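First comes the structure, then the notes that go with it.
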Amino acid sequence: MTATTSTTVQTEADAAATKIWAEQWWPLGFAAHTSRAAPVAVTLLGAPLVVWWDDSAGAWRCTLDRCSHRLAPLSEGRVTSDGCIECPYHGWAFDGQGQCVRVPQQEEGSAPCRSRRAAVLALPIMEAQGVIWV
């Protein structure tokens, strides 16, 4: 076996192990101790996440803590009245499914970006027994 083959095998094994760990429910914290007024930054398995309370849906939301536009941390932004998280840098807003729903620089009445590149990765999230799970 060559060094390249060994590295490839190790990389594939690492990817398989990461996939197994990522396909589980992980506790993020107690709901009673998590702010419903502002986004909260959390790191899970080395991934930066942002958790926020969507008051309009009555549910927790979670995405990667990076705006797809300029990679600014969404946790430093704010939650809008319609339950979206708004980037502090240029004001892009994302819903609980990670779709970009508002870009302030777009013309009034135009459709928001629907490109996958404009979206952020949303994770399934639930509250059970007083704990927030992702």
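Of all residues in region 74-98 being of a type in the set (Asp, Glu) and assigned to a loop (DSSP other than H, G, I, E, B), which is surrounded by the most Cβ atoms within 10 Å (Cβ to Cβ)? Taking the candidates together, the pick is Asp95.
How many of the residues making up region 123-134 are outside any strand (DSSP E or B) and open to solvent by less than 30 Å² (accessible area, probe 1.4 Å)?
Start the filter on region 123-134 by keeping residues that are outside any strand (DSSP E or B), which leaves 123-125, 129-130, 134.
With the extra rule that they be open to solvent by less than 30 Å² (accessible area, probe 1.4 Å), the set shrinks to 134.
Total meeting the criteria: 1.
Condition check: on the phi < 0 side of the Ramachandran plot, β-branched (Val, Ile, Thr) and assigned to a loop (DSSP other than H, G, I, E, B). Does Val120 satisfy that? For Val120, the condition - on the phi < 0 side of the Ramachandran plot, β-branched (Val, Ile, Thr) and assigned to a loop (DSSP other than H, G, I, E, B) - is met. Beta carbons closer than 7 Å, at least 6 apart along the sequence or on distinct chains, pair a first residue in region 64-81 that is over 11 Å from Ala119 (Cβ atoms) with a second that is outside any loop (DSSP other than H, G, I, E, B) and hydroxyl-bearing (Ser, Thr, Tyr) for Asp65/Ser75; Leu74/Thr63.
The values are calculated or read from the model by the stated rules, or taken from the named source; none is laboratory data. Because the structure is predicted, anything quoted here is derived from the model rather than measured. Ideal geometry is used to build each Cβ from the backbone, glycine not excepted, and the neighbour counts take in all protein chains shown. Only protein heavy atoms, including side chains, enter the accessible area calculation; ligands, DNA and RNA are left aside. Shrake-Rupley method; radii C 1.70, N 1.55, O 1.52, S 1.80 Å.
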